[in-house]
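Down below is the structure, laid out as structure tokens.
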Amino acid sequence: MLCVCGNGAANAEVKSDGENGRFALSPLSDGVIRLDTRTGDVSTCSNSGTGWACYAVPDERAALDAEIGRLQAENEKLKAELLTAREPTVTGKIDEPLPKTDSLKPEPKVESERKIEIPLPSDRDMDRVMSFLEQAWRRLVDVANRMQKDIAGKI
């Protein structure tokens, strides 16, 4: 009688798991995928001639959560290092105002004691240049006139 009662209790337990829908099965080409609806574990089950065997599918979410946790800890550590490495900030009013400079304009170079002076041409030099330009202009006009006469005479 005890055996029957023990057997009945075991059958009732299995039936209650099936009735509550603890496992959801989906067919595969070589077996089934089993989802435990209570724990969320996933297994692949296949018949290997000697009987059915189920193997747990690796949980990628756990690996991702572990990596996220590691990166968050590293991020916090680096932030703390940056805060300690920073120079202390100045608080309060500064006595002297900062000089106003335009960062877009380069500052002029100041040469000490060394000045470059370019002498202007004298009146004599200017007269020589003007006479050269007058002669060059007259020659150009003479060449143009001769060409015009040659073209008019040949036509």
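Some points to look at:
- Here the residues T37, T50, ranked from fewest to most Cβ neighbours within 10 Å of their Cβ, fall in the order T50, T37.
- Modelled spin-label separation between M126 and I33, with each label point placed 7 Å from Cα along the Cα-to-Cβ direction: 9.7 nm.
- Net +/- balance of residues flanking A56 in space, Cβ distance below 14 Å, scoring K and R +1, D and E -1: -2
Read-outs throughout are calculated quantities, based only on the coordinates presented, and are distinct from any laboratory measurement. Quick caveat: nothing in here was measured; it's all calculated off a predicted structure. Neighbour counts are summed over all protein chains in view; Cβ atoms, including those assigned to glycine, are modelled from backbone coordinates with ideal geometry.
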